[in-house]
Amino acid sequence: MKSAADQPGTRGGILVCFALKEEAAPFRKGAAAGPAVSLLVTGIGKANAEKRFRERLAAGTGNPACVLTGGFAGGLNPELRLGDVLFETADPDLRARLLLAGARPAIFFCADRIATTVREKQALRAQTGAEVVEMESGAIQAVCRERGIPCATVRVISDTAGEDLPLDFNALAKPDKNLDFGKLFLAIARSPGKIGALMDLQKKTIFSARQLAAVLARVTSP
């Protein structure tokens, strides 16, 4: 039997979207008890996000009252720290609720690839003026504007502007942009010295997901 968090978003409820189940896990535990909150895991990238989001809307009984598009993000602004929860929205009510929940406003850029190096993050910062980079929320925001649904991007910094990721995860992706675990295991076998850095990254993402869940819980509480 599905929990409330897995049911299609209905009119009057809050739909919270994530790219990855790992991003959603800490929030899912609390959201499952709230019938007004539903979750959607879209997969990585704009195409997956738009496709799954449109499917979810079509499967429901009406548009949700609002949509929150959450997950991990890379810092482009050097002042941002691991675990900082940031948001972007055009809706004044969502803005007020997010500020009250402890999130900070920021300028986001929705990219087509993971920014894996300090150099790439610096280039994105210079080219776009953005403070934060992610890969799905821009697509979801566009659909919400099309349908008149209030929406906010709510992301947590899982890697800062001053750090490289341990692997080029773009090279380890399938054509649909989701991670190819076979390629990942092969990359680790070829570079076993990366294991420590990958374990550290896992700890950072767990911490970041918990920070995000705490803010989302406050935003979605009745």
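Please treat every number below as a calculation from the coordinates, not as lab data. As the structure is a prediction and not an experimental result, all values here were calculated from the model. Note that each Cβ is placed from the backbone with ideal geometry, even for glycine, and that neighbours are counted across all protein chains shown.
How large is the helix-only mean residue ellipticity at 222 nm for the chain, computed as the sum of -39500 (n - 2.57) over DSSP H runs with n ≥ 4, divided by its residue count, in deg cm²/dmol to the nearest 500?
-13500 deg cm²/dmol
About the Cα centre, and with charges only on the beta carbon of Lys, Arg (+1) and Asp, Glu (-1), how big is the dipole of the range 4-220? Nearest 20 debye, please.
In total the dipole reaches around 340 debye.
Just the Cα atoms of the range 97-186, one point each, no solvent: what log10 I(q)/I(0) does Debye give at q = 0.15, 0.25 Å⁻¹?
Each listed q corresponds, in turn, to -0.72, -1.30.
May I ask you to list the GluC sites (Glu not before Pro) in the range 18-116 that are in a DSSP loop and have at most 16 other Cβ atoms within 10 Å of their Cβ?
For GluC sites (Glu not before Pro) across the range 18-116 that sit outside H, G, I, E and B with at most 16 neighbouring Cβ atoms in 10 Å, the list reads Glu79.
In a shell of Cβ-Cβ distance under 12 Å around Ser208, excluding Ser208 itself, what net charge do Lys and Arg (+1) and Asp and Glu (-1) give?
With Lys, Arg at +1 and Asp, Glu at -1, the neighbours total +1.
Taking the chain as a whole, which cysteines find no other cysteine Cβ under 4.7 angstrom from their Cβ?
Lacking a cysteine Cβ partner under 4.7 Å: Cys17, Cys66, Cys110.
Which residue, Val133, Ala96, Ile107, has the largest displacement toward the positive end of the dipole of the chain when charges sit on each Cβ (Lys, Arg +1; Asp, Glu -1)?
Value: Ala96.
All other residues with a Cβ under 13 Å from the Cβ of Arg119 taken together, and with Lys, Arg as +1 and Asp, Glu as -1, what is their net charge?
Net charge around Arg119: -2.
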